[in-house]
Amino acid sequence: MDVEVLDVEVGAASATQEIHFSGGLRGALTNFGWALFPVSGDKESDALVFKTPQAHFEFATRQCGLRFLGTCVRYTTGDRLPPMDIWEFEARDPQSGLGAADSWGAIGDQATKAGDARYAELASYVSVALKAAALRLRDVSNGYHDQLIWALEEKRAPGRWFSNTALDDLYVDFHSLVSELSSARDHVATIAAMHAGAPDRIESLARLEDWAGKSVNSDAAKNPMVRTLMDALGTKIAPGWLRVMGDVRNEMLHRVPMSANRSVAGLVLERIDTALGDVSKIRLAEPLSEAPLSAQPPDPLVNISQFAMQLESLCRALWKHAKYPPELLVFRGAE
């Protein structure tokens, strides 16, 4: 699909990237190698530097026990335009060369070209929700990063909880993140329902599950899109990750907001003993709990980032069954 561009402005652009890990730590390429930071409150020695990206990644994930969250690439064009952040969960899909959000956006463009307005709308909804979820995950990670920097600069004692006003922003970002993940889930479930011949009223994963579970719809439930979603959903007795994600979202948005949830009411600095010295990370935890951190539930960032990456993989699997290919628009200048 060709799009004629009438007004084109060409200028210099630059891109920088940071690797985000759980616990508030970051990775970036410097003139000296791959840096992991912050590791101290001293700005003169606040990073560990590695010669290769492999050594950097293995140290962060294996020795420090950090979870890889994604890579944030920031594009800057001149002084008059705002920067643009692009979040990538993992390597791009080898078939399309795109992430899930851009793949579904391209599918929407092809549906528009074919005159399939409803399919184009839904594909664009999936794309927008996935991009929004990625940016909200970036914001949560930024909040952890800031909290870790503050804790190190203030020389907070490891294992002792603390709180501050910036926690409210972090809670709101978490709420937005789970909301956008759930929106993407329901939009892609609506597309699967269309493929299976479901009525127009089937516009969420919960409705699709009810409809596909009826014996009269047993053949439609064998549709590859529907089957893939149901496998990820599991059952109420044996829930899959997609159902657990929904439960976390419902808990956070409908029952106990994070800011009122005792189990995540404080921050704790954890110190990790590594071959290169101590490395600190930060997490949410229950203040004054008698249970050690190892016995408390996992940090919400670890859990929810796992859901985000699983949803990315799920939406990549589902676009392969879409009605249209994920072919990007071609822009050409006016003749």
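Quick test of your reading of the structure: ILE272 fulfils all but one of (1) hydrophobic (A, V, I, L, M, F, W, C); (2) open to solvent by less than 50 Å² (accessible area, probe 1.4 Å); (3) within 17 Å of the chain's Cα centre (by Cα); (4) within 30 Å of LEU148 (Cβ to Cβ). Name the failing condition by number. It fails just one condition, (3). The set of residues in the stretch 189-220 that are of a type in the set (Gly, Ala, Ser), touching a helix residue (DSSP H, G or I) at 6+ places or on another chain (Cβ under 7 Å), in a helix (DSSP H, G or I) and under 18 Å from LEU311 (Cα atoms) comprises ALA189, ALA192, ALA193. On the given criteria, is LEU311 assigned to a helix (DSSP H, G or I), touching a residue at least 12 places away in the same chain (Cβ under 8 Å) and closer than 24 Å to TYR119 by Cα? It is true that LEU311 is assigned to a helix (DSSP H, G or I), touching a residue at least 12 places away in the same chain (Cβ under 8 Å) and closer than 24 Å to TYR119 by Cα.
Of the residues in the stretch 156-166, at least one is farther than 23 Å from HIS321 by Cα, in contact (Cβ under 8 Å) with a residue 40 or more places away in the chain and surrounded by 20 or more Cβ atoms within 10 Å (Cβ to Cβ).
Which of the following residues is surrounded by 14 or more Cβ atoms within 10 Å (Cβ to Cβ), at pLDDT below 95 and not acidic (Asp, Glu): GLY11, GLY23, GLY27, GLY41?
Numbers: GLY11 fails: surrounded by 14 or more Cβ atoms within 10 Å (Cβ to Cβ); GLY23 fails: at pLDDT below 95; GLY27 fails: at pLDDT below 95.
The match here is GLY41.
Applying the condition of being of a type in the set (A, V, I, L, M, F, W, C) and open to solvent by 50 Å² or more (accessible area, probe 1.4 Å) to the stretch 45-77 and asking which residue is farthest from ARG136 (Cα to Cα) yields VAL49. Scan the stretch 261-279 and give yes if some residue there is part of a helix (DSSP H, G or I) and of a type outside the set (Val, Ile, Thr), otherwise no. The answer is yes, given that some residue of the stretch 261-279 is part of a helix (DSSP H, G or I) and of a type outside the set (Val, Ile, Thr). Scan the stretch 169-188 residue by residue and report those that are more than 21 Å from MET225 (Cα to Cα) and in contact with a helix residue (DSSP H, G or I) (Cβ under 7 Å, 6 or more places away or on another chain). Listed by number, the residues that qualify are ASP169, LEU170, TYR171, ASP173, PHE174, HIS175, SER176, LEU177, VAL178, SER179.
Of all residues in the stretch 184-204, those being within 14 Å of ARG243 (Cα to Cα) and open to solvent by 10 Å² or more (accessible area, probe 1.4 Å) number 3. The residue list LEU311, LEU293, LEU288 contains one member that is open to solvent by 30 Å² or more (accessible area, probe 1.4 Å) and either touching a helix residue (DSSP H, G or I) at 6+ places or on another chain (Cβ under 9 Å) or on the phi > 0 side of the Ramachandran plot (or both), which is LEU288. For GLY240, the stated conditions hold: it is among the small types (Gly, Ala, Ser) and more than 20 Å from ALA198 (Cβ to Cβ). If only residues of the stretch 223-260 that are touching a residue at least 12 places away in the same chain (Cβ under 8 Å) and either assigned to a loop (DSSP other than H, G, I, E, B) or among the polar types (S, T, N, Q) (or both) are counted, the one that is most open to solvent (accessible area, probe 1.4 Å) is SER259.
The values are calculated or read from the model by the stated rules, or taken from the named source; none is laboratory data. Remember, it's a predicted structure, so these values are computed and weren't measured experimentally. Because the Cβ atoms are built from the backbone with ideal geometry, glycine has one as well, and the counts that use them run over all protein chains shown. The area values use the complete protein model at the heavy-atom level, side chains included, leaving out ligands, DNA and RNA. Shrake-Rupley method; radii C 1.70, N 1.55, O 1.52, S 1.80 Å.
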